[in-house]
Amino acid sequence: MEIHARTAINRRMIADFFDGLDDDQLATRSLCDAWTVREVLAHLAAPLLVGLGPLLWRTVRARGSVDRASVMLAAELACRPVSELTGVLRRRADHHAAAPGVGPMGQMVDGCLHLRDCARPLGLPADVGLDDWRAVLDWLPSRQASLGVVQRGRLGGLSLRATDQDWSRGSGAEVAGPSEALAMAVAGRPVALDDASGPGVATLRERLAA
C-alpha cells in the first residue's frame, strides 16, 4: 500500500509539472531517445487511459517488441491535449494498472525516472523525494528490474553509494553520487554519470555505451 500511495502522490505532482510546460518545452527531446517530453507524458498516462490490451495489440504488430509498441502508443496518445493527459494522471492517480513482470514497484519507478527524463534536459528541478529514490535504488538491482529496466550484468563488480543519504549497495569499484543521479545512471541514462564520481564511473559508462 505504501508503494501505491507514493505512486499516486507522484502522479499528481508529475501532472502539475507537465501542466506548467510551454509548447517548446513539450517538444524538447527527452532523455528517452524515442520520445519528446510530450510523448513521455503520453506514455505515463497510457496505462491509465487505454489499459493493457492496446499495448499488447501493438506488441503483436511490432513483432513482439514491447519497446516499439510503447513508442507507437505514446506517439498516438501524444496527439491529445496535454490537459486531457494530465487530467487522467490526477483522476486515476490511485488506480493500479496491470504491470506484468515489474509489478507495482515498476510503475512507481517509471514515474520517478520519466519525470527526470523530462526535467533534466529542460534544466528544471522537478524531482521526487529522497525516500522515493531510496526505494528506486533498492529495486533497480532486482530480478524484476532486469526484465526491461536494468540490463543483466550492468552492475557486476560495482558498488553504489549515495552521497545525499545513507544508502549503499554492492561491492567493487565505487560509483558515488546523488541518489537521483545513481538511479538514472543505473537505469541507462549515461548523462547522469556527469554528476557521479569514483573509479567505477568509467566502467559503468562503457557498459551503458555498449
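The number of residues in the range 17-28 that are closer than 18 Å to residue 84 by Cβ and free of Cβ contacts under 8 Å to residues at least 12 places away in the same chain comes to 4. With respect to the conditions (1) assigned to a helix (DSSP H, G or I); (2) of a type in the set (Gly, Ala, Ser); (3) farther than 21 Å from residue 74 by Cα, residue 126 lacks only one, and its number is (1).
As for the range 163-176, it holds no residue that is within 22 Å of residue 44 (Cβ to Cβ) and either not assigned by TED's automatic domain parsing to the domain that holds residue 67 or not in a loop (DSSP other than H, G, I, E, B) (or both).
Taken over the range 49-91, the criterion of being modelled with pLDDT under 90, aliphatic (A, V, I, L, M) and either under 24 Å from residue 25 (Cα atoms) or within 20 Å of the chain's Cα centre (by Cα) (or both) is satisfied by 49, 50, 52, 55, 66, 69, 71, 72, 73. I want to confirm something. Restricting to the range 134-160 and keeping residues that are over 12 Å from residue 186 (Cα atoms) and at pLDDT 95 or above, which single residue is surrounded by the most Cβ atoms within 10 Å (Cβ to Cβ)? It comes out as 135. Which members of the range 169-191 meet the condition of being touching a residue at least 60 places away in the same chain (Cβ under 8 Å) and in contact with a Gly (Cβ under 8 Å, 6 or more places away or on another chain)? Across the range 169-191, there are no qualifying residues. When restricted to residues that are in a loop (DSSP other than H, G, I, E, B) and not aliphatic (A, V, I, L, M), the range 189-209 contains 4.
The values are calculated or read from the model by the stated rules, or taken from the named source; none is laboratory data. Predicted, not measured: the structure shown is a model, and the values here were computed from it. Note that we place each Cβ from the backbone using ideal geometry, even for glycine, and neighbour counts take in every protein chain shown.
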